[in-house]
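Data block below; observations after.
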Amino acid sequence: MSDKLLLVAGFLGALTATTAGTAWADAAQMSFFVTSVGKGDGANLGGLDGADAHCAALAKAAGSAKTTWRAYLSTTAPQGEAGVNARDRIGKGPWQNVKGVVVANSVDELHSDKTNVTKETALTEKGEVIKGRGDEPNEHDMLTGSDPQGMYSTAGGDTTCKNWTSNGEGSAIVGHHDRIGLKDTRHMTSWNSSHGSAGCSQEALVKTGGAGHFYCFAAE
């Protein structure tokens, strides 16, 4: 091999190593992502513990150095007792995606007009973009069970698919990661609280534009 070819080969090798190192570093520092796949059983996530474990497993497989992961999900309690707020589960921030883009610096910023959760930033743990409205299939519905401020809903009825244990009857509040709705209103374009799902089965989630995805935050 000529000296020129050796030089080119060495440059390409170094470039590949640098690119791989950068990707690994980004994954290691990642503190926010959308699940690349749901649990596969509709909105039955095994409760909050099952959802948190799913976040942790996906993050670990992607090379994250973070170990404490929380699913952005709220739950309700019977007889009017206080439920669990998604916003109270996810730590203090800041949070960044696998590419190092910060989506919010604090809980308050996350739930304000300053939030940077969009289709382009709400990436999976692998750095993939989740399909949104206009794509085939549309999967922009993110399970949250929350109101716009990240709190459990007081609207009445089932808003969390029986606290993330139902794959049949019930409904769950979802948000739109792409911030696009049937109507251009703040409610319909909310990243965390747009509408209720058609049901809790995998088929029902697909029917209203979802696939069982949800948000994961590092709570460290």
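Each value in this text was obtained by applying a stated rule to the coordinates, not by laboratory testing. Note that the structure is predicted; figures quoted are calculated from it, not measured. Using ideal geometry, Cβ is built from the backbone for each residue, glycine included, and neighbour counts are taken over all protein chains shown.
The table below lists the values:
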| read-out | value |
| --- | --- |
| First in region 114-127 and touching a residue at least 40 places away in the same chain (Cβ under 8 Å), second anywhere and in a loop (DSSP other than H, G, I, E, B) and of a type in the set (Ser, Thr, Tyr), Cβ under 8 Å, 6 or more apart | Thr124/Thr35; Thr124/Ser36; Glu125/Thr35; Glu125/Ser36; Glu125/Ser64; Lys126/Ser36 |
| Qualifying residue in region 161-168 (condition: touching a His at 6+ places or on another chain (Cβ under 8 Å) and of a type outside the set (Asp, Glu)) | no |
| Checklist (1) free of Cβ contacts under 8 Å to residues at least 24 places away in the same chain; (2) buried (at least 17 other Cβ atoms within 10 Å of the Cβ) applied to Val102, failing item | (2) |
| Candidate set from region 63-77 (those that are under 20 Å from Pro94 (Cα atoms) and of a type in the set (A, V, I, L, M)); member that is nearest to the chain's Cα centre (by Cα) | Ala71 |
| Whichever residue in region 67-99 is under 22 Å from Val174 (Cβ atoms) and of a type in the set (A, V, I, L, M, F, W, C) and, among such residues, is surrounded by the most Cβ atoms within 10 Å (Cβ to Cβ) | Leu73 |
| Some residue of region 140-154 being among the acidic types (Asp, Glu), within 18 Å of His213 (Cβ to Cβ) and under 12 Å from the mean Cα position of the chain (by Cα) | yes |
